[in-house]
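Participant: One structure coming up, written as C-alpha cells, with questions to follow.
Derivation of every value follows stated rules applied to the coordinates shown; laboratory data play no part. Just so it is clear, the model here is predicted, and its values are computed rather than measured. So basically every Cβ, Gly included, is an ideal-geometry build from the backbone, and we count neighbours across all protein chains shown.
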Ligand code: GUN
C-alpha cells in the first residue's frame, strides 16, 4: 500500500505561472516607459529531438511574456568558427539581451569555448566562467536558471533561509554547485554530497533543506529524509515501469512525501521553473544593460 502523503506539495507549475506573469508585467512597463523590449537569442546546433522541444518551448514562452525571441538553428556539422562568429554577432547586437546556446552541443564543438565566448552580461544561463566566479564570490552575476528557480521556491516556502542546514546531493556545474552557492548566499549551512558520499543517508537526514540533483531515479528514499524537511527534487528521469514509460525524479516520491514537511513533485515541480527563470534572467539582463532597476524578487 502506498504511504500516506503528509508533506505540503510545492506546486512548481503554479509558481512558474506567477513568475511569468511578473516578468510579463515588468516587460509591459519597460515597453511603455522606456521603449525597451528585451530580446532572447537561442542557438540550437543539430537535430536532437529533446533539445528541439526545449528550444521551441523557450521561444513560445519568451514571446508570450512580450519579449522578442530570436531562434538560430544551425546544421549539426556547423564549424566552431561559424558558431563563434554567430555568438560574436549576437554579443554586438543591442536588441539581444540574452543568449542561450542549447546544450549538449555536437561532439566536434568545444562547449566550454563556446559558452565562454558569450558576453557574460548576456549569459542568461549563468554558465560563463565570469558568472561562475561572480556567484562564487557573492557578487552580482547571472545565475543558472534551475537553481534560481529552486531558490525562489525555497524562499517562498520558508521566508528566511538563514541558519538552516541544506544538503545538495549532486555536484554538477549546472545545478549542484551553483545551488550550493545560492544557499550559502542566503546563510544556510551547506553540504554538497554526491553519489560517492560515505553514509549518504545519514548526511541527508541532517538536512532541513534537501536538494536532489544527482541524476539517479528515485535514489533519495523516505528513510533519508528528516521529518518535516523541505525536499526539492531536480531530477527528471525517464524510466519504464510495468511496461509503461514514466517520468520520475531523483527522490522516491511516496516514501519521501510521507516524512517531509514539503516536497516538489516530478513532473510539475522544479521543471516549469527553469524556463520561467530564463525569462526572468533575460529581463534582468535587459534592465542591467540599460541602467534600469532590476525586477524585484526575480534575481538571487
Ligand atoms: N540543456 C538542458 N538544460 C539546459 C539549460 O538549462 N541550458 C542550456 N543552454 N542547455 C540545456
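Participant: Surrounded by fewer than 20 Cβ atoms within 10 Å (Cβ to Cβ), touching a helix residue (DSSP H, G or I) at 6+ places or on another chain (Cβ under 6 Å) and touching a residue at least 40 places away in the same chain (Cβ under 8 Å): which single residue out of 280, 258, 276 fits that description?
Facilitator: Details: 280 fails: surrounded by fewer than 20 Cβ atoms within 10 Å (Cβ to Cβ); 276 fails: surrounded by fewer than 20 Cβ atoms within 10 Å (Cβ to Cβ).
After ruling out the rest, the residue left standing is 258.
Participant: Need at least 1 residues that are within 30 Å of residue 38 (Cβ to Cβ) per element, so show me which helices (runs of 4 or more DSSP H) inside region 193-300 make the cut, counting only ones lying wholly within it. Spell out the reasoning first.
Facilitator: Details: elements: 200-205, 253-257, 271-289.
The helices (runs of 4 or more DSSP H) meeting that bar are 271-289.
Participant: Taking the stated definitions as given, is residue 114 crowded, with 16+ Cβ neighbours inside 10 Å and touching a residue at least 40 places away in the same chain (Cβ under 8 Å)?
Facilitator: Values: crowded, with 16+ Cβ neighbours inside 10 Å: yes; touching a residue at least 40 places away in the same chain (Cβ under 8 Å): no.
It is false that residue 114 is crowded, with 16+ Cβ neighbours inside 10 Å and touching a residue at least 40 places away in the same chain (Cβ under 8 Å).
Participant: Please find, among 300, 213, the residue that is surrounded by 24 or more Cβ atoms within 10 Å (Cβ to Cβ) and within 15 Å of the chain's Cα centre (by Cα). Outline the logic, then answer.
Facilitator: Values: 300 fails: surrounded by 24 or more Cβ atoms within 10 Å (Cβ to Cβ).
Going through 300, 213 in turn, the sole match is 213.
Participant: What number of residues in region 86-143 are away from the ligand (no atom under 15 Å from the Cβ), closer than 16 Å to residue 44 by Cα and either outside any loop (DSSP other than H, G, I, E, B) or under 20 Å from the mean Cα position of the chain (by Cα) (or both)?
Facilitator: 2
Participant: Do you know which residues across region 144-153 are away from the ligand (no atom under 12 Å from the Cβ) and either under 20 Å from residue 286 (Cβ atoms) or touching a strand residue (DSSP E or B) at 6+ places or on another chain (Cβ under 6 Å) (or both)? Steps first, answer last, please.
Facilitator: Taking region 144-153 as the starting set, the residues that turn out to be away from the ligand (no atom under 12 Å from the Cβ) are 150-153.
Result: 150, 152.
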